[in-house]
Amino acid sequence: MKRRLAVLVASLCWSTGVSADVLFRFPGADAHRQHFYITAYRDLSGAGGGLKDWGCGTKTYDGHRGTDMGVGGFAGMDAGRDVVAAAPGVVTATHDGSFDRCTTGDCAGGGGWGNYVAVKHTDGKVTYYAHLKKFSVAVAVGDTVTCGQKLGQVGSSGSSTGPHLHFEPRVDGVSDDPFTGSCGGPISWWVDQGAYLGLPGTACQDARPALPLMTLGAAIDPIPGQEPDAHPEGESRDIFDLEAGQTVTLRFSLENDATATPARDVIVGLEAPGDFLTLRSWEVFDDAPQNECGGELCPNDANENPLNPPHEDPGEALELHLNAFSPGETKVLVVTLQHRASTHGQAPHAPVRLWVKHIKDAYAKPTFDAAPDNVDDFQTFNDGDLSLLVELDTWGTSGSADDPSDSEAGGCAATTGTDALAPTLLLLLGALLTRRRRAGRANL
């Protein structure tokens, strides 16, 4: 019989991993974007003759090798329109000091570029930002620039007939069109290309390493018998309370975001207070499609890892090797605990702690209370801290502390910790754990 689960819901941020090709943002400042407009695309007519741009239009001119963006003539130029790096890189060339109010198309300076900046990116492409305003160049050769960093301002220097930015990417010294379309190349080099005659988007490609991006979740299996009228002595019980001798099943999910890289050698820790709870068993499952395992979650190969403790009665604390996670893969750790208290009286809190101890080259947290070593602050869950606290309220004095009774399973509570532990998280009961098909599994 399928069981309904209580699933932790949290708001997450994630980011796109770096691809082989560096992608560009709009090369004008966000604050000035409304003043830019396309005046000419790269000429793709080739030997066939007739003007043709990437959208099969004629917004170009013969032999043009870049994308031109106007700013409203000299009035716009004089108001100051900032040019920014389309992607992170290193400045390889600059020129400044040339006349910047050219209208003839043949003014001297910069070999036709006028005042310009060239930036080389990690995939080898070089972007050129040409015809800049005199003395506006804000970087020097050798500088490392970030995506969106100011390089200069729009001008009309060099081979220019009016103020505009000439933006031109080159691969191995050969200019190429960053747009894709019906009459263009197959690959867009923009994060968000935008519509024909519109401007590209201002979002930067994530320049951080493509690290794993993990999410934690917590759930409990609902246990019958905790309705208030089930206790004639008048003591109210609910799903937050575990009777002496009763068992409870907790389910912790750990997911690697679909846009991230594989998470390698993932290790989690789990602790339960031995005075109140006995850890009876553990098992790891995949969230594979139902038809692969007869309607249930599929056991994961982490169950067979020889570094892991016995599945039955493994002790108060666990260190579990969950192997590797493919992008988008979720594993579910199912643990069964039994309330062993016989003399502690009513409702002492019994905290169960789960945390990620290790993700190779990405994350480390040796103990639950330790501050995480979070590479590049990449994890966004719980302020970058991959940990959860579940508190069970244990009731009653029946049974034996050393030999708990085998009474039918009762209720339990799932709450978050307080004080210096993780920030408050919400556990919502009754939601089903989402099962999604994942692309293949990563190996150790």
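The values are calculated or read from the model by the stated rules, or taken from the named source; none is laboratory data. As the structure is a prediction and not an experimental result, all values here were calculated from the model. All Cβ positions, glycine included, derive from the backbone under ideal geometry; neighbour counts span all protein chains shown.
Which condition breaks for VAL137 when tested against (1) without any contact (Cβ under 8 Å) to a residue 60 or more places away in the chain; (2) hydrophobic (A, V, I, L, M, F, W, C); (3) outside the structural domain of TYR41 (by TED's automatic domain parsing)?
(3)
Being more than 38 Å from the chain's Cα centre (by Cα) and touching a residue at least 12 places away in the same chain (Cβ under 8 Å) narrows it down to one residue among GLY73, GLY50, GLY46, GLY55; which is it?
GLY73
Among the residues of segment 150-175, which ones are free of Cβ contacts under 8 Å to residues at least 60 places away in the same chain, in contact with a strand residue (DSSP E or B) (Cβ under 6 Å, 6 or more places away or on another chain) and surrounded by fewer than 22 Cβ atoms within 10 Å (Cβ to Cβ)?
Matches in segment 150-175: ARG170 only.
Give the residue that is farthest from THR259 (Cα to Cα), with candidates limited to residues of segment 282-297 that are at pLDDT below 95 and surrounded by 14 or more Cβ atoms within 10 Å (Cβ to Cβ).
LEU297
Residues are listed down the side, and each one gets a yes or a no for (1) closer than 17 Å to GLY173 by Cα; (2) assigned by TED's automatic domain parsing to the domain that holds GLY148; (3) touching an Asp or Glu at 6+ places or on another chain (Cβ under 6 Å):
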| position | (1), (2), (3) |
| --- | --- |
| ASP21 | yes, no, yes |
| ALA40 | no, yes, yes |
| GLY55 | no, yes, no |
| ASP68 | no, yes, no |
| VAL90 | yes, yes, no |
| ALA118 | yes, yes, no |
| TYR128 | yes, yes, yes |
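Among residues belonging to segment 203-222 that are in contact with a strand residue (DSSP E or B) (Cβ under 6 Å, 6 or more places away or on another chain) and surrounded by fewer than 22 Cβ atoms within 10 Å (Cβ to Cβ), point out the one that is modelled with the lowest pLDDT.
In this case the residue turns out to be ASP221.
Given the structure, is ASP123 among the acidic types (Asp, Glu) and either farther than 16 Å from HIS166 by Cα or in contact with a Leu (Cβ under 6 Å, 6 or more places away or on another chain) (or both)?
yes
Could you check segment 247-282 and list, in sequence order, the residues that are assigned to a loop (DSSP other than H, G, I, E, B) and either closer than 12 Å to LEU318 by Cβ or not aliphatic (A, V, I, L, M) (or both)?
ASP257, THR259, THR261, PRO262, ARG264, ASP265, ALA272, PRO273, GLY274, ASP275, PHE276
Give the residue that is modelled with the lowest pLDDT, with candidates limited to residues of segment 382-409 that are assigned to a strand (DSSP E or B) and charged (D, E, K, R).
ASP393
Out of the residues in segment 367-381 meeting the condition of being β-branched (Val, Ile, Thr) and part of a loop (DSSP other than H, G, I, E, B), tell me which one is surrounded by the fewest Cβ atoms within 10 Å (Cβ to Cβ).
By that ranking, first place goes to THR367.
Since PRO200 meets every condition but one in (1) in contact with a Gly (Cβ under 6 Å, 6 or more places away or on another chain); (2) within 20 Å of GLU391 (Cβ to Cβ); (3) modelled with pLDDT of 75 or more, which condition does it not meet?
(2)
Condition first: surrounded by fewer than 20 Cβ atoms within 10 Å (Cβ to Cβ), touching a Ser or Thr at 6+ places or on another chain (Cβ under 9 Å) and part of a loop (DSSP other than H, G, I, E, B). Can you find one or more residues in segment 78-85 that meet it?
Scanning segment 78-85, I find at least one residue that is surrounded by fewer than 20 Cβ atoms within 10 Å (Cβ to Cβ), touching a Ser or Thr at 6+ places or on another chain (Cβ under 9 Å) and part of a loop (DSSP other than H, G, I, E, B), so the answer is yes.
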